Structures are given as C-alpha cells and as structure tokens.
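No lab work stands behind these numbers, since they all come straight from the coordinates. Because the structure is predicted, anything quoted here is derived from the model rather than measured. Because the Cβ atoms are built from the backbone with ideal geometry, glycine has one as well, and the counts that use them run over all protein chains shown.
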Amino acid sequence: MAKMKSVKAQQPTWTLAEALELCTLIQSVSPKFSAHPALTGGLLYKTGPRNDADIVIYQHGDTDGERKPIDWDGLWEAVATFGLELGPDFGYVKKCTWRGKVVDIIDPTHDSDYPKTDGELDSTNAAELLGLA
C-alpha cells in the first residue's frame with residue numbers, strides 16, 4: 001500500500017519587490033529610533049520566490065560621537081502602523097509577519113534565544129509558530 005503525503009496549507013511566498021517595499025516602509029520610520037533596515041538572505045542570492053524575508057536592523061551611525069541604542073519599543077510601535085507584526089522574539093531573530101508572510105527581523109546586537117531543538121527552525125516551522133500554516 002502506498003504511503004500518503006500529508007497536505008499542508010501553502011505558505012505565502014516573497015518576491016524581491018515585496019521585500020524592498022517592506023524595507024522602504026521600515027526605513028521611512030526607523031531613523032527616529034536610531035535604526036536602519038538591511039535586506040539579506042535568500043531573496044538576494046537565490047532565484048524565485050522565498051518562504052521568508054530576512055531583514056537586519058542595525059544601529060544608526062554616530063551622532064556627535066555617540067551611538068544611540070535602537071529604541072525597539074518605539075520601532076515596533078511605528079512599524080505596526082503599516083502591518084508588520086512582532087511574533088515570538090528569540091533575541092537575535094524576531095519572528096514577524098507582514099501581509100500574512102514570514103519576516104525574520106535580525107538584531108545583530110543580541111544573542112540567540114532560540115529553543116534548543118534537534119534541527120534548525122526553518123521557515124516551515126516558523127510559519128507554524130506564527131499560526132500561518
């Protein structure tokens with residue numbers, strides 16, 4: 001008897017244009033919170049749609065010899081106005097959604113707080129974690 005494959009809901013995928021749109025929106029508010037977005041990951045170096053968008057949030061440059069820390073609370077409040085929603089926060093990676101799609105916001109100043117697992121948390125697991133699958 002043949003084995004049946006389990007059927008999962010199709011997770012929405014990203015295009016480079018959509019990720020650039022999101023980065024542009026983040027950039028429109030982020031300098032007020034001492035931050036800037038930088039797109040990274042598979043959308044930049046792999047062809048075709050991807051399961052998630054990876055965006056690094058980095059500190060704004062020095063102002064008068066002082067580098068201010070990122071105001072994450074203010075930034076989250078601002079990005080929520082255009083639909084970027086914070087999900088589980090694992091420190092280094094903050095699992096988010098935008099328009100029903102998985103977004104990994106990366107904070108390079110923070111260590112990872114991912115739960116210990118036998119394998120990596122991939123975009124399929126992330127979609128389940130965010131309630132998208």
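Assorted remarks:
- Least to most buried among Leu75, Leu86, Leu44 (fewest other Cβ within 10 Å first): Leu44, Leu86, Leu75
- In a fully extended conformation the segment linking Thr13 and Thr40 would gain 8.1 nm over its present Cα-Cα distance, using 0.36 nm per residue.
- Fully extending the segment from Lys32 to Gln59 would add 8.6 nm, taking 0.36 nm per residue of separation and subtracting the current Cα-Cα distance.
- Charging the Cβ of each Asp and Glu at -1 and of each Lys and Arg at +1, and nothing else, the dipole of the range 1-106 about its Cα centre rounds to 800 debye.
- Theoretical gain in end-to-end length, Thr81 to Lys68 [0.36 nm per residue, Cα-Cα removed]: 2.3 nm
- Taking Cys23, Cys96 and counting other C-beta atoms within 10 Å, the order from fewest to most: Cys23, Cys96
- DSSP-loop chymotrypsin sites (Phe, Trp or Tyr not before Pro) across the range 69-99, with at most 14 other Cβ within 10 angstrom: Phe82
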